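Student: The following block contains the structure, expressed as structure tokens.
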Amino acid sequence: MTTKMLVVAGLGVAALLSGCDQAGVKLSTSAGGPHVIAASDIEAGRYVVLVGGCNDCHTPQYAMTGGARPPESEWLKGSSEGHSGPWGTSYGKNLRLTVAGHSEDEWGQLLSTGASLPPMPWPSVRAMSEADKRAVYRYIKSLPGDPGQPSPAPLQPGVTPRAQVAPAA
């Protein structure tokens, strides 16, 4: 997608949302490009995580329960729920550990240049504004509790994942 198309798409979304105030979240179209504005960067980051579908892959049971589980204190710890396709099987990384290992500037650079296996939506992530990337970083850093363990390594095509035992409810 060209820069011009991204700007036009961003302005279209901005026009649609210009009057919206969903849970105190708004969209700005300032000189830095479209980005979320909320009461705090942490709330803006939480909103981006929610609407960006980050929990669908990076939080176990989230997608399967329609977001009912796990509690927010357990979000983004990575998942052993595999995503299989012609690339093999990939797992949603533990974003808490990723953030812990990077400065805010490094995180922004990672999201601007990153590439990995599907289903990670890198073109969408790279299109995020710098402000939204920083807000997501700050939100993840704010999450309480143990950061969890690394997710399983991806599997090559043809390798069958071991059965995972579902955590107790």
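Student: At 7 Å along the Cα-to-beta-carbon direction for both ARG126 and SER84, put a label point, then send me their distance in nm to one decimal.
Tutor: 3.0
Student: Still on this model: For labels at LEU110 and SER73 in the simple 7 Å Cα→Cβ model, what's the distance in nm?
Tutor: Label-label distance for LEU110 and SER73, simple model: 2.5 nm.
Student: Looking at the P(r) of the stretch 36-118, how many percent of alpha-carbon pairs lie beyond 16 Å? Could you put the intermediate results ahead of the total?
Tutor: Working: 2032 of 3403 pairs.
When all Cα pairs of the stretch 36-118 are counted, 60 percent exceed 16 Å.
Student: Here's another thing I want to ask about it. Taking amide H positions as placed in the peptide plane 1.01 Å from N, state which residues far from ILE37 in sequence (5 or more) or on other chains have amide H under 5 Å from it.
Tutor: Result for ILE37 returns LYS26, LEU27, SER28.
Student: If you don't mind, another one. Kirkwood hydrodynamic radius, the stretch 81-138, all distinct C-alpha pairs: what's the number in Å?
Tutor: Hydrodynamic radius (Kirkwood, Cα only) of the stretch 81-138 equals 12.3 Å.
Student: Continuing with this model, one more query. By what distance, in whole Å, do the Cα atoms of the stretch 60-105 stretch along each of the three principal axes, largest value first?
Tutor: That works out to 32, 30, 14 Å along the principal axes.
Student: Let me ask something else about it. Among rounded, prolate and oblate, which fits the stretch 21-163 when a ≥ b ≥ c are the square roots of the eigenvalues of its C-alpha gyration tensor, a/c under 1.5 means rounded, and a/b larger than b/c means prolate?
Tutor: prolate
Bear in mind that the values in this text are calculations on the coordinates, not laboratory data. Treat the numbers as computed from the prediction; the structure is a model and nothing was measured. All Cβ positions, even for glycine, are placed from backbone atoms using ideal geometry, and neighbour counts span all protein chains on display.
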